[in-house]
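Peer 1: Below you'll find the structure I mean.
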Amino acid sequence: MVFTTPLVHRGVVYFGSGSVAYGVALSDGSLLWSHVLDDTIYSSPAVLGDRLFFASYGRRLYAFKLGS
């Protein structure tokens with residue numbers, strides 16, 4: 001289940017579900033990217049520059065380089 005608002009950026013939909021962050025293609029829904037975090041995702045994703053951010057219930061901020 002997805003409890004936060006997804007983010008659409010440059011043709012990719014980013015969202016978190018449980019402790020997994022995802023990026024799927026807006027055009028066809030194919031999985032482009034996923035990463036298992038150490039904690040449950042608390043916030044909607046945000047982009048700043050070339051970084052994608054997620055916050056967790058454990059008060060951690062995770063940053064990923066877009067395109068990686």
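The values are calculated or read from the model by the stated rules, or taken from the named source; none is laboratory data. All figures in this text were calculated on a predicted structure; none of them were measured in a lab. Positions of Cβ are generated from backbone atoms using ideal geometry, with glycine treated the same way; all protein chains shown enter the neighbour counts.
Peer 1: Give me the pairs: first residue in region 10-29 and exposed (fewer than 13 other Cβ atoms within 10 Å of the Cβ), second residue of a type in the set (A, V, I, L, M) and part of a loop (DSSP other than H, G, I, E, B), beta-carbon distance under 7 Å, and six or more apart or on different chains, which are they?
Peer 2: G11/L26
Peer 1: Any chance you could count how many residues in region 46-68 are at pLDDT 95 or above and either in contact with a Gly (Cβ under 7 Å, 6 or more places away or on another chain) or under 16 Å from M1 (Cβ atoms) (or both)?
Peer 2: Qualifying residue count for the region: 1.
Table: residues versus (1) of a type in the set (S, T, N, Q); (2) part of a loop (DSSP other than H, G, I, E, B).
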{"position": "T5", "(1), (2)": "yes, yes"}
{"position": "V8", "(1), (2)": "no, no"}
{"position": "G16", "(1), (2)": "no, no"}
{"position": "A21", "(1), (2)": "no, no"}
{"position": "S34", "(1), (2)": "yes, no"}
{"position": "S43", "(1), (2)": "yes, yes"}
{"position": "A55", "(1), (2)": "no, no"}
{"position": "R59", "(1), (2)": "no, yes"}
